[in-house]
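Below is one structure, written out as structure tokens, with a few remarks after it.
The values are calculated or read from the model by the stated rules, or taken from the named source; none is laboratory data. The structure presented is a predicted model; accordingly, all values stated were derived computationally and were not measured. Positions of Cβ are generated from backbone atoms using ideal geometry, with glycine treated the same way; all protein chains shown enter the neighbour counts. Accessible surface is based on the protein model in full, side chains and every heavy atom, while ligands, DNA and RNA are left aside. Shrake-Rupley method; radii C 1.70, N 1.55, O 1.52, S 1.80 Å.
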Protein chains: 2
Amino acid sequence: MNAAATLGLPVAVPSTALFTDHYELTMVQAALRGGTADRRSVFEVFTRRLPEGRRYGVVAGTGRVLDAVANFRFEDEQLAFLRAHRVVDEPTLAWLADHRFSGDISGYPEGEVYFPGSPVLRVEGTFAECVLLETVVLSILNHDSAVAAAASRMAVAARGRTLVEMGARRTHELAAVAAARAAYVGGFDATSDLAAGYRYGIPTVGTSAHAFTLVHDSERDAFTAQVDSLGRGTTLLVDTYDVAEAVRAAVDIAGPGLGAVRIDSGDLLLLAHRVRQQLDELGARDTRIVVTSDLDEYAIASLAAAPVDAYGVGTQLVTGSGHPTSSMVYKLVARAESTEPDAPLVPVAKKSMGAKLSIAGAKWAARQRDAEGVAEAEVVGTGEVPAELAGQELSVELVRGGEIVAREPLEAARERHRAARAALPLSATQLSRGEPVLPTRYLV
Amino acid sequence: MNAAATLGLPVAVPSTALFTDHYELTMVQAALRGGTADRRSVFEVFTRRLPEGRRYGVVAGTGRVLDAVANFRFEDEQLAFLRAHRVVDEPTLAWLADHRFSGDISGYPEGEVYFPGSPVLRVEGTFAECVLLETVVLSILNHDSAVAAAASRMAVAARGRTLVEMGARRTHELAAVAAARAAYVGGFDATSDLAAGYRYGIPTVGTSAHAFTLVHDSERDAFTAQVDSLGRGTTLLVDTYDVAEAVRAAVDIAGPGLGAVRIDSGDLLLLAHRVRQQLDELGARDTRIVVTSDLDEYAIASLAAAPVDAYGVGTQLVTGSGHPTSSMVYKLVARAESTEPDAPLVPVAKKSMGAKLSIAGAKWAARQRDAEGVAEAEVVGTGEVPAELAGQELSVELVRGGEIVAREPLEAARERHRAARAALPLSATQLSRGEPVLPTRYLV
């Protein structure tokens with residue numbers, strides 16, 4: 001972690017315990033009364049399908065889940081609220097006051113890819129302590145994974161060019177911080193969001209908007225003030241009035257050492273070519289071109305042949321490019337036959353008519369690879385891991401007996417994602433709609 | 001405000017100052033250097049269009065904007081971060097350390113409807129103090145208004161039946177709290193999110209999930225434990241195994257006074273009819289039916305003829321039913337000719353090629369009504385308000401000289417929305433895609 005991350009949280013979260021649906025607490029109350037609260041239970045997080053047309057999912061938010069578990073405690077203020085509103089009874093309040101999660105959590109490490117049925121997270125402990133975590137775990141994974149999946153597609157489309165997340169204004173102010181984090185995991189290089197830099201040490205960038213040009217008496221005045229203050233390495237916004245005139249003024253004022261120009265409207269393909277030619281003619285061969293107008297992965301891909309150096313992406317990134325949530329669910333898949341500590345686990349699953357079927361039993365998962373190391377299938381099973389897949393299991397231990405055992409720097413998740421995506425079949429990086437790039441094979 | 005709201009924030013936000021894009025601060029730095037930081041400026045928030053097919057927008061988040069403005073201050077921790085990362089220079093850090101917003105804010109009151117071009121919010125003050133608020137103001141209004149707009153459509157579709165927001169698990173954990181608040185403004189009756197109850201006093205509800213049934217040895221055991229603990233007024237979830245069998249067991253255990261049954265999967269139309277008939281035959285004529293499976297406004301409308309008493313809505317509500325953000329922008333529309341305190345305001349607007357045009361000048365807005373009081377047009381102008389529209393202006397004063405002057409209970413916004421929607425032409429409540437139900441007329 002860098003120095004910034006040690007400065008502390010911009011938003012102190014004294015407790016995450018109320019990021020919880022009302023029914024989780026009433027279930028605890030009823031289970032305490034019914035004698036099932038202490039039954040050993042296994043819950044799993046998975047998706048039944050990927051968003052339509054998507055080739056792979058990206059696990060993101062795992063680090064935030066660990067923070068949420070560590071801060072999941074009912075303090076006096078929260079208990080007073082629950083009492084005042086009669087959410088649960090006094091015995092349950094007493095239980096909650098002492099509650100700390102003491103179970104185990106394992107799962108796909110952050111940045112890993114996933115497919116329909118992948119057991120992304122496993123939470124194991126008593127029924128009561130596991131069921132309480134459902135809402136906040138899903139909130140985090142569903143949101144962050146949706147943004148990371150969009151970011152990953154954009155990173156593929158950008159082919160190594162710089163990607164800047166700048167969607168803070170398009171989503172809830174704290175979702176924005178998590179979105180910047182997830183985008184970084186998915187392959188973005190920087191963010192506009194200062195809170196994301198503060199909290200997670202993600203590089204932040206930005207220079208000026210149209211308002212800055214407009215508050216000055218002329219565009220030249222604005223450029224001069226900006227270059228005087230931020231240096232010639234700055235990025236000047238050149239589309240407030242006439243682009244060609246602005247580029248001429250920009251190089252005139254900053255010199256050929258001008259850092260970059262930004263184009264935020266118009267036909268970006270055409271403008272990028274024109275501006276590049278003009279910059280080159282003015283001798284500003286190293287001045288970069290940044291484009292930032294309503295981009296998504298398709299717009300980025302369509303600019304592959306344009307002389308663009310960096311993309312700034314807002315709305316479509318933080319809203320998951322059409323899929324703002326990941327449809328992960330948190331399901332009880334096994335529980336002890338009785339409350340005895342050594343009672344054997346029984347696989348369980350909802351059996352009603354309808355589409356929402358689940359597979360009972362705690363699962364392992366492994367990625368089957370061909371001789372060249374390219375992934376061939378996501379194998380998910382409930383029994384022993386077959387010998388040929390031993391050592392290829394995807395899940396890692398995250399929490400043991402309530403203690404977090406798998407903290408890692410965000411860079412590790414980012415690097416893991418790059419490697420996991422690179423090991424997928426080539427068709428994973430097609431932007432066109434299609435089936436998941438790996439089939440999920442069940443050994444149950 | 002009720003007692004819960006006085007218990008305090010579940011998530012303390014010591015400062016909102018870093019929910020800000022990097023470039024807002026570099027603009028302040030360059031403007032301080034360039035002598036334009038103190039120019040009197042008017043920024044406006046508006047949308048160029050509604051989401052495709054939508055008939056009206058709903059302003060939500062205004063109350064949260066006021067909270068954000070009140071807490072917008074750079075404290076030692078934030079300043080240390082900005083210094084360590086060289087975001088801005090020392091003179092700017094010194095300016096930020098003393099900074100408090102001292103300008104004026106007016107706007108459409110929360111719950112009001114809006115249309116393309118409606119000047120939803122006006123922020124007036126020095127350039128530096130106004131530009132700093134851009135990111136957090138847009139984050140809040142874009143997110144909250146998107147959720148409120150979806151909620152309003154669902155409320156129309158529900159025709160007075162109870163609506164419960166239960167999307168916390170489908171969005172960021174703090175976006176969820178704001179979403180519950182926005183849904184309440186848009187017409188929802190309750191939320192599953194305890195943090196939303198804690199922070200905003202919104203009624204919270206919930207009883208049990210499939211996991212609760214599955215952790216017991218039998219469905220009957222689960223129902224018995226729940227009724228014993230939560231009383232016969234509880235809601236029993238009847239679709240874990242066989243619905244008809246579950247309904248029989250539910251009434252057998254709770255008696256005909258059973259509060260409600262919940263159906264969370266399958267053909268809801270068919271099941272609601274069957275379950276109603278079965279409940280009636282068992283004498284449980286007052287037992288309500290709650291449905292909760294992937295609902296949106298269209299699914300709710302399609303159940304209008306079904307014997308359903310309450311809808312629980314998750315994903316589609318908190319993700320804005322296909323439109324998770326509201327595309328509001330924050331634009332400089334006028335600024336003083338010079339830094340003199342009494343310098344006249346000059347209208348300004350971006351003039352470049354491309355689609356992102358704005359109308360220069362500070363604007364008023366009024367809703368023109370016919371003789372029956374039905375809204376006919378959104379009138380937006382830059383000069384004097386015409387006599388026939390006097391007293392019909394939509395904006396109210398929110399902040400005066402940095403002091404918040406328009407706090408109100410959330411109920412007021414909820415009631416205002418109900419009234420504003422009721423005054424729209426009847427076609428506003430069609431769910432089908434179409435044009436905005438009011439034209440925007442410009443008097444400029």
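Give the stretch B:284-303 a look and list any residue that's open to solvent by 30 Å² or more (accessible area, probe 1.4 Å) and part of a loop (DSSP other than H, G, I, E, B), or say none.
Scanning the stretch B:284-303 gives B:R285, B:D286, B:D294, B:D296.
Of B:R367, B:R421, B:R414, which residue is closer than 30 Å to B:P203 by Cα, open to solvent by less than 60 Å² (accessible area, probe 1.4 Å), in contact with a strand residue (DSSP E or B) (Cβ under 9 Å, 6 or more places away or on another chain) and outside any loop (DSSP other than H, G, I, E, B)? Don't jump to the end; show me each part of the working.
Working: B:R367 fails: closer than 30 Å to B:P203 by Cα; B:R414 fails: in contact with a strand residue (DSSP E or B) (Cβ under 9 Å, 6 or more places away or on another chain).
Every option except B:R421 fails the conditions.
Regarding A:A195, is this residue under 24 Å from B:A17 (Cβ atoms), in contact (Cβ under 8 Å) with a residue 12 or more places away in the chain and within 14 Å of the chain's Cα centre (by Cα)? Step through it out loud before you land on a result.
On the way: under 24 Å from B:A17 (Cβ atoms): yes; in contact (Cβ under 8 Å) with a residue 12 or more places away in the chain: yes; within 14 Å of the chain's Cα centre (by Cα): no.
No.
Looking at the structure I just gave you, is B:L332 under 23 Å from B:V131 (Cα atoms), more than 26 Å from the chain's Cα centre (by Cα) and in the same structural domain as B:R39 (by TED's automatic domain parsing)? Outline the logic, then answer.
Numbers: under 23 Å from B:V131 (Cα atoms): yes; more than 26 Å from the chain's Cα centre (by Cα): no; in the same structural domain as B:R39 (by TED's automatic domain parsing): yes.
Considered against the rule, which asks whether it is under 23 Å from B:V131 (Cα atoms), more than 26 Å from the chain's Cα centre (by Cα) and in the same structural domain as B:R39 (by TED's automatic domain parsing), B:L332 comes out as no.
From the residues in the stretch B:424-444 that are aliphatic (A, V, I, L, M) and in a helix (DSSP H, G or I), which one is least open to solvent (accessible area, probe 1.4 Å)?
Step one: filter the stretch B:424-444 for residues aliphatic (A, V, I, L, M), giving B:424, B:426, B:428, B:431, B:437-438, B:443-444.
The next check asks that each one be in a helix (DSSP H, G or I); those that pass are B:426, B:428.
Numbers: B:L426: 153, B:A428: 4 Å².
The residue in question is B:A428.
If you go through the stretch A:127-144, how many residues are surrounded by fewer than 24 Cβ atoms within 10 Å (Cβ to Cβ) and either over 20 Å from A:R400 (Cβ atoms) or polar (S, T, N, Q) (or both)?
So the count comes out to 0.
Condition first: within 9 Å of another protein chain (Cβ to nearest Cβ) and within 25 Å of the chain's Cα centre (by Cα). Can you find one or more residues in the stretch B:285-299 that meet it?
To start, the set of residues in the stretch B:285-299 that are within 9 Å of another protein chain (Cβ to nearest Cβ) comprises B:293.
Narrowing the set further to residues that are within 25 Å of the chain's Cα centre (by Cα) leaves B:293.
Yes, the stretch B:285-299 has at least one match.
Could you please find all residues in the stretch B:101-126 being touching a helix residue (DSSP H, G or I) at 6+ places or on another chain (Cβ under 6 Å) and buried (at least 24 other Cβ atoms within 10 Å of the Cβ)?
B:E110, B:G111, B:E112, B:V113, B:V123
With of a type in the set (D, E), surrounded by fewer than 16 Cβ atoms within 10 Å (Cβ to Cβ) and more than 14 Å from every other protein chain (Cβ to nearest Cβ) as the only criterion, which of B:E384, B:E378 stands out? Quick ask: steps written out before the conclusion?
Numbers: B:E378 fails: surrounded by fewer than 16 Cβ atoms within 10 Å (Cβ to Cβ).
B:E384 is the lone residue from the list that is of a type in the set (D, E), surrounded by fewer than 16 Cβ atoms within 10 Å (Cβ to Cβ) and more than 14 Å from every other protein chain (Cβ to nearest Cβ).
The rows are residues; the columns are (1) of a type in the set (A, V, I, L, M, F, W, C); (2) within 30 Å of B:R100 (Cβ to Cβ).
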residue	(1), (2)
B:R400	no, yes
B:I404	yes, yes
B:L410	yes, yes
B:A413	yes, yes
B:R418	no, no
B:L426	yes, no
B:T429	no, no
B:R433	no, no
B:V437	yes, no
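Determine which single condition B:E77 fails, assuming it passes every other condition in (1) closer than 25 Å to A:M166 by Cβ; (2) open to solvent by less than 40 Å² (accessible area, probe 1.4 Å).
Going through the list (1) closer than 25 Å to A:M166 by Cβ; (2) open to solvent by less than 40 Å² (accessible area, probe 1.4 Å), B:E77 breaks only (2).
Among (1) without any contact (Cβ under 8 Å) to a residue 60 or more places away in the chain; (2) among the aliphatic types (A, V, I, L, M); (3) touching a Lys or Arg at 6+ places or on another chain (Cβ under 7 Å), there is one condition A:A209 misses while meeting the rest; what is its number?
(3)
Being touching an Asp or Glu at 6+ places or on another chain (Cβ under 8 Å) and surrounded by fewer than 16 Cβ atoms within 10 Å (Cβ to Cβ) is the filter here, so list the residues in the stretch B:391-407 that pass it. Don't jump to the end; show me each part of the working.
Kept after step one, since they are touching an Asp or Glu at 6+ places or on another chain (Cβ under 8 Å), are these residues of the stretch B:391-407: B:394, B:397, B:399-401, B:405-406.
Matches in the stretch B:391-407: B:E397, B:R400, B:G401, B:V405.
Return the only residue of A:D38, A:D98 being open to solvent by 20 Å² or more (accessible area, probe 1.4 Å), in contact with a Phe, Trp or Tyr (Cβ under 8 Å, 6 or more places away or on another chain) and not aliphatic (A, V, I, L, M). Can you show your working first?
Working: A:D98 fails: in contact with a Phe, Trp or Tyr (Cβ under 8 Å, 6 or more places away or on another chain).
When all the criteria are applied, what remains is A:D38.
Please find, within the stretch A:155-188, the residue that is nearest to the other protein chains (Cβ to nearest Cβ) out of those that are over 14 Å from the mean Cα position of the chain (by Cα) and under 19 Å from A:A260 (Cα atoms).
A:M166
Tell me, please, whether a residue that is in a strand (DSSP E or B), open to solvent by 50 Å² or more (accessible area, probe 1.4 Å) and of a type in the set (S, T, N, Q) can be found in the stretch B:334-348.
Just the residues of the stretch B:334-348 that are in a strand (DSSP E or B), to begin with: B:334-336, B:345-347.
Filter again for open to solvent by 50 Å² or more (accessible area, probe 1.4 Å), leaving B:345, B:347.
Remaining after also requiring of a type in the set (S, T, N, Q): none.
The answer is no; no qualifying residue exists.
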